[in-house]
Structures are given as C-alpha cells and as structure tokens.
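Trainee: The structure's right below; bear with me while I get my questions together.
The values are calculated or read from the model by the stated rules, or taken from the named source; none is laboratory data. Nothing here was measured: the structure is a model prediction, and the numbers come from that model. Please note: Cβ atoms are built from the backbone with ideal geometry, for glycine as well, and neighbour counts cover all protein chains shown.
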Amino acid sequence: MRAFFRARTWSGEPVLREPDKCTQWKFWDPAALPGDLVPYTRLAIAKIQNGELYSETGWPA
C-alpha cells in the first residue's frame with residue numbers, strides 16, 4: 001500500500017534521508033512533472049489535483 005498526502009502548508013527545504021531508495025527530493029509543479037516519474041505517483045498526483053480524496057490502483061499483470 002502507498003499513501004499520498006497533500007500538504008497545505010510547508011516551510012523549509014526537503015532533505016534526502018534515504019539516498020539508497022531515492023535520487024532526490026524536489027518540489028515540482030504538478031503540470032510539469034519529470035518524465036521518469038513512477039506511474040503510480042503520477043496517477044496519485046493527478047487524482048489529488050482532481051479533488052479525489054481516495055483512489056486505488058493495482059499492479060500491472
């Protein structure tokens with residue numbers, strides 16, 4: 001299971017604490033996400049932008 005949350009406020013800069021699991025933390029404009037973004041993350045961001053409070057996706061067969 002993966003959980004995604006929308007932050008309403010934020011201060012400071014993101015810090016990468018697990019470099020073996022992630023290449024970087026960065027703020028992105030939802031309309032200009034990087035091309036190599038994991039598909040389920042792209043879908044979750046789209047659903048949040050669409051106002052959907054809950055969604056599910058399955059693993060590809």
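Trainee: Can you name every residue in region 17-61 that is among the polar types (S, T, N, Q) and either at pLDDT below 85 or within 12 Å of the chain's Cα centre (by Cα) (or both)? So that I can check it myself, show each step before the final result.
Mentor: Of region 17-61, the ones among the polar types (S, T, N, Q) are 23-24, 41, 49-50, 55, 57.
Within region 17-61, THR23, GLN24, THR41, GLN49, SER55, THR57 qualify.
Trainee: Only residues that are surrounded by 10 or more Cβ atoms within 10 Å (Cβ to Cβ), assigned to a loop (DSSP other than H, G, I, E, B) and among the charged types (D, E, K, R): list them for region 1-54, please.
Mentor: GLU52
Trainee: When you go through ALA31, ALA44 one by one, which is the residue that is in contact (Cβ under 8 Å) with a residue 40 or more places away in the chain and among the small types (Gly, Ala, Ser)? Steps first, please.
Mentor: Working: ALA31 fails: in contact (Cβ under 8 Å) with a residue 40 or more places away in the chain.
Checking each option against the conditions leaves just ALA44.
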